[in-house]
Amino acid sequence: MEEQKKVPKKSTIIKDSIALFVITLIAGLLLGLVNQVTKEPIAASELAAKNAAYQKVFSEGKNFEEEEALTKKLETVSFQGAEISEVLAAKDDEGNTLGYVMSLVAKEGYGGDISFAIGVKTDGIMTGLSVLSHSETAGLGANCTKEEFQMQFAGLAGPEIQYSKTGKNNKNEFDAISGATITSKALTIAVNVGLSFLQENGCFAELS
């Protein structure tokens, strides 16, 4: 005679459902708590890294301050191949505007987005570039983080820069990364988007 299958009692099903609900609720609360605990330190770390990059690309700047008009303008425009995340005025101790720092994203890197910061004086001369994050190929596009590559941007003359694969000959050129033309081109596009934005909004005293 076959053994009859036991059917769970209704009360058991209810208890199991309640237990599962409680476990799910506790797990959700714990995840929310962990997120809340780590959110601020992560944000603080990212802010510190960005501020350090700004100081690196515009060493003469003592304070970096938002200009409301530029921030509002950013909310109304979009760009091909790049994104401007932030524009701040670089000021001296007396509050005089020496130039601008920008947080940019090159959207056409070989491995994806390249986040970086640049500094530009009010005469359109770049003061530096610093890569913050990327997904470029190690030994090729990833060389965009090397100091000798980034140092080339200090002194480049806007309002538009170019990359060269045969050696830079002009004041607006930098040497492309060997074997990583796509990375070099992506950075060029993004930098030029930033320089163009500043020029169009009257930020370059001698070029506006």
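Consider the range 65-88 and keep the residues that are in a strand (DSSP E or B) and within 15 Å of Leu104 (Cβ to Cβ). The one that is most open to solvent (accessible area, probe 1.4 Å) is Glu83. If I go through the range 63-115 residue by residue, how many of them are hydrophobic (A, V, I, L, M, F, W, C), touching a strand residue (DSSP E or B) at 6+ places or on another chain (Cβ under 9 Å) and more than 18 Å from Leu129 (Cα to Cα)? Final tally of qualifying residues: 3. For the range 96-114, taking the residues that are open to solvent by less than 40 Å² (accessible area, probe 1.4 Å) and closer than 19 Å to Glu66 by Cβ, the one that is farthest from the chain's Cα centre (by Cα) is identified as Gly99. When Ala49 is tested against (1) modelled with pLDDT under 90; (2) in contact with a strand residue (DSSP E or B) (Cβ under 7 Å, 6 or more places away or on another chain); (3) under 19 Å from Ala154 (Cβ atoms); (4) of a type outside the set (Val, Ile, Thr), just one condition goes unmet, and that condition is (3).
Check the range 168-179 and report whether any residue there is under 16 Å from Val101 (Cβ atoms) and aromatic (Phe, Trp, Tyr). For the range 168-179, residues under 16 Å from Val101 (Cβ atoms) and aromatic (Phe, Trp, Tyr): absent.
Checking the stated criteria, Glu60 turns out to be under 19 Å from Gln150 (Cβ atoms) and among the acidic types (Asp, Glu). Would you confirm whether any residue within the range 131-142 is out of contact with any Lys or Arg (no Cβ under 7 Å at 6 or more places or on another chain), part of a helix (DSSP H, G or I), modelled with pLDDT of 95 or more and over 27 Å from Cys203 (Cβ atoms)? Looking through the range 131-142, at least one residue is out of contact with any Lys or Arg (no Cβ under 7 Å at 6 or more places or on another chain), part of a helix (DSSP H, G or I), modelled with pLDDT of 95 or more and over 27 Å from Cys203 (Cβ atoms).
In this structure, Phe174 qualifies as part of a strand (DSSP E or B) and either surrounded by fewer than 22 Cβ atoms within 10 Å (Cβ to Cβ) or not hydroxyl-bearing (Ser, Thr, Tyr) (or both).
How many residues, within the range 115-129, are within 25 Å of Gly179 (Cβ to Cβ) and either surrounded by 24 or more Cβ atoms within 10 Å (Cβ to Cβ) or in contact with a Cys (Cβ under 9 Å, 6 or more places away or on another chain) (or both)? Residues in the range 115-129 being within 25 Å of Gly179 (Cβ to Cβ) and either surrounded by 24 or more Cβ atoms within 10 Å (Cβ to Cβ) or in contact with a Cys (Cβ under 9 Å, 6 or more places away or on another chain) (or both): 5 in total. When the residues of the range 133-167 are filtered to those that are within 22 Å of Met102 (Cβ to Cβ) and of a type in the set (Ser, Thr, Tyr), the one that is surrounded by the most Cβ atoms within 10 Å (Cβ to Cβ) is Tyr163. Does the range 148-159 contain any residue that is touching a Gly at 6+ places or on another chain (Cβ under 7 Å), assigned to a loop (DSSP other than H, G, I, E, B) and at pLDDT below 95? Yes, that holds for at least one residue.
The values are calculated or read from the model by the stated rules, or taken from the named source; none is laboratory data. All figures in this text were calculated on a predicted structure; none of them were measured in a lab. Glycine gets a Cβ as well: all are built from the backbone with ideal geometry, and neighbour counts include every protein chain shown. To get the accessible areas, we keep the full protein, side chains included, count just its heavy atoms, and leave off ligands, DNA and RNA. Shrake-Rupley method; radii C 1.70, N 1.55, O 1.52, S 1.80 Å.
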